[in-house]
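In what follows, a single structure is set out as structure tokens and then discussed.
The values are calculated or read from the model by the stated rules, or taken from the named source; none is laboratory data. A quick note: this is a predicted structure, and the numbers were derived from the prediction, not measured. When we count neighbours, we look across all protein chains shown, and the Cβ atoms used for this are built from the backbone with ideal geometry, even at glycine. Protein only, heavy atoms only, side chains kept; ligands, DNA and RNA dropped before computing areas. Shrake-Rupley method; radii C 1.70, N 1.55, O 1.52, S 1.80 Å.
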Amino acid sequence: MAILAPDNIQAAAEGNASRAPGFAARPASWPDRLRRSALVLLVAGLALIALVVFGGLQPLGAIAAFVCITGAALVPWQVHDSDGSRETDLGANPVETAVARAIVAGMPDPNVLLDRAGRVIHLNAAAAQLVPALRRNELAQFALRAPEIVTALREAIATREARRTTYLNPVPVDRWMELIITPIPVPTAFGGVDYCMLLTFHDQTPLRRVEEMRADFVANASHELRTPLAALSGFIDTLQGPAREDARARERFLGIMHAQAARMARLIDDLLSLSRVELSAHVRPETIVDLVPIVREVVDGLEPLAAERQVEIEVALSETSVAICGDREELLRLFENLIENALKYGASGGKVRVSSMLDVSPEGGPEFRVVVRDFGPGIAPEHLPRLTERFYRVDVGDSRAQGGTGLGLSLVKHILNRHRGRLLIESVPGHGASFTAGFPPAQAAPEA
Ligand code: ADP
């Protein structure tokens, strides 16, 4: 991180060659002024002596005239052209002061202060880190080369109106940045006004990512809904047309339509559950519940599916109660998803084991775990980190054939987050998969 030494700043402030145009110069010191006026005073002195000797001027009058000339030569009547108006130059540039530097340095976002020609006066550490090529006293356009920035800066300087632009900063990784250029009027020593430009950068990348995720989500949800809807309207057309009198076809098509309608209902259910859990994600459930009967209830409810898939559910749950702070409905949903997935995707293993244990969390505290283990084909390691993403499936066709929505594990993750728990997925391809839901135990005893 480039942090500029105060010496450099002072040098920049005092360097005449690099001084920002339009800003006042420091007044010269008294010895400097004497040196600059020496020639004038010498000529005036010689002229007065000549007038006394040859012109009959009284010595007292000559001395008085010399004092006046000296006074006039030493007062800094230095005039310069500023922005078309002539301003007297008597004060230090107000934006080059330590106060202005400290204000820019103290800003949390990357900030750069430019003079009205676009030359850098101050920049803070965040700005130096964001654009390492920025140098004090150099034109910012040399370092900020994105065409959007150059245009916005040129316009802001010309119109003295604020400009806002976004651009892609590709180094070291792609980042979407927003730049706001604010012209700041700076009063000069004698009532004039000059302008400097404050450049403020905001990192918009997280916002853009959220926006992209939202757009992806809407696209995925509508795609998932449109597929069964297209099937339904296709079968309705067939039943009204060619298959109108075919009783067997009607029976078969109605079965398919029923399945498609159920799939749409499941998807809407999952979407609603997901948004409900997300809305309350920051509020941890307060009710104390016993995990064991909840898991047992889910297992009992899924026995018909297990029988249909010819899978045996082996239950090894704790004999004593396992109290956690939880939302019963959400926990039912969580275990339903995990056990149903094991029955659907791991059916070829013929067995699913549901067990619970008290263990130690990675932070070292106690953790109640419920493990759902199947002995099916397992999951390849490259899919594991993405399984809890919405609509992510290892095999889309397989998931649809099983009536999946691609939202189950995402819901599981959100429910666990709300319960301050964690999900652990382990799998060795060919040897099944295990999904572990870990919960912090409730501090108090279970409610009656
Ligand atoms: P879906 O509704 O498709 O089941 P999930 O979010 O529950 O959505 O699961 C995402 C994907 O993870 C599934 O489509 C499936 O490919 C994979 N998966 C989940 N559980 C298992 C499992 N026990 N064995 C193998 N693959 C699984």
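For the pair Glu245/Arg386, report the inter-label distance in nm, with labels modelled 7 Å from Cα in the Cβ direction.
Here the answer is 5.2 nm between the modelled labels.
I want to verify a result. In a Gaussian network model of the chain, Cα cutoff 10 Å, which of these has the top mean-square fluctuation: Ile339, Ile236, Ile49?
Ile49
Could I get the Rg over Rh figure for region 356-420? Both from C-alpha atoms, Rh via Kirkwood, rounded to two places.
1.03
For the chain, what is the charge dipole size about the Cα centre, in debye to the nearest 20, if Lys and Arg each add +1 at the Cβ and Asp and Glu each add -1 at the Cβ?
Working: 46 positive and 53 negative charges, 301 e Å.
Magnitude of the dipole: close to 1440 debye.
Relative contact order, percent, of region 284-447 when contacts are C-alpha pairs under 8 Å separated by at least 6 residues?
Worked out over region 284-447, it gives 26 percent.
Excluding Arg373 itself, calculate the net charge of residues whose Cβ lies under 14 Å from the Cβ of Arg373, where each Lys or Arg counts +1 and each Asp or Glu counts -1.
Local charge sum for Arg373: -1.
From the Cα gyration tensor of region 251-291, with a ≥ b ≥ c the square roots of its eigenvalues, which class applies: rounded if a/c is under 1.5, or else prolate if a/b is larger than b/c, or else oblate?
It comes out oblate by the Cα gyration axes.
With springs only between Cα atoms under 10 Å apart, run a GNM on the chain and tell me which of Phe368, Phe201, Phe190 wobbles the most.
Sorting by GNM fluctuation, first place goes to Phe190.
From Cα pairs below 8 angstrom and at least 6 apart in sequence, can you work out the relative contact order of region 94-203, rounded to a whole percent?
Taking the mean separation of contacting Cα pairs over the length of region 94-203, I get 24 percent.
With +1 on each Lys and Arg Cβ and -1 on each Asp and Glu Cβ, how big is the dipole of region 208-279 about its Cα centre, in debye rounded to the nearest 20?
Taking the Cα centre of region 208-279 as origin, the dipole is about 60 debye.
Using only the Cα atoms, what convex hull volume per residue in Å³ does region 284-447 have?
Measuring per residue, one finds 108 Å³ for the Cα hull of region 284-447.
Compare Ala117, Ala249, Ala162 in a GNM of the chain, Cα atoms joined below 10 Å, and give the one with the largest fluctuation.
The residue with the greatest mean-square fluctuation here is Ala249.
Ordered by residue, what ³J(HN,Hα) values in Hz, to whole numbers, does region 290-296 give under the Karplus form 6.51 cos²θ - 1.76 cosθ + 1.60, where θ = phi - 60° and Gly and Pro are x?
Each residue's phi maps through the Karplus curve to give 9, 5, 4, x, 5, 5, 4 Hz.
For Thr188, which sequence-distant residues (separation of 5 or more, or a different chain) have an amide H within less than 5 Å of its own amide H, given hydrogens modelled in the peptide plane?
Val193, Asp194
Suppose we keep just the alpha-carbon trace of region 94-203; what are its Rg and Dmax in angstrom?
13.4, 48
For the chain, which semi-axes, largest first and in whole Å, follow from the square roots of 5 times the eigenvalues of its Cα gyration tensor? Let's see the in-between values first.
Details: eigenvalues 1342, 149, 54 Å².
In descending order, the three semi-axes are 82, 27, 16 Å.
Rounded to the nearest Å, what's the spacing between the alpha carbon centres of region 391-446 and region 232-293? Just the number, please.
Cα centroid of region 391-446 versus Cα centroid of region 232-293: 20 Å apart.
Of the accessible area of region 184-313, with the probe set at 1.4 angstrom, what percent is carbon plus sulfur?
58 percent
Given an 8 Å cut-off on Cα distances and at least 6 residues of separation, report the relative contact order of the chain as a percent.
Relative contact order here is 10 percent.
Order of 104-113, 340-349 by packing, highest average Cβ count within 10 Å first?
340-349, 104-113
Taking the DSSP beta bridges in the chain as the whole, what percent of them are antiparallel, to the nearest 5? It would help to have the intermediate numbers written out before the result.
Working: 55 of 60 bridges.
Roughly 90 percent of the DSSP beta bridges within the chain come out antiparallel.
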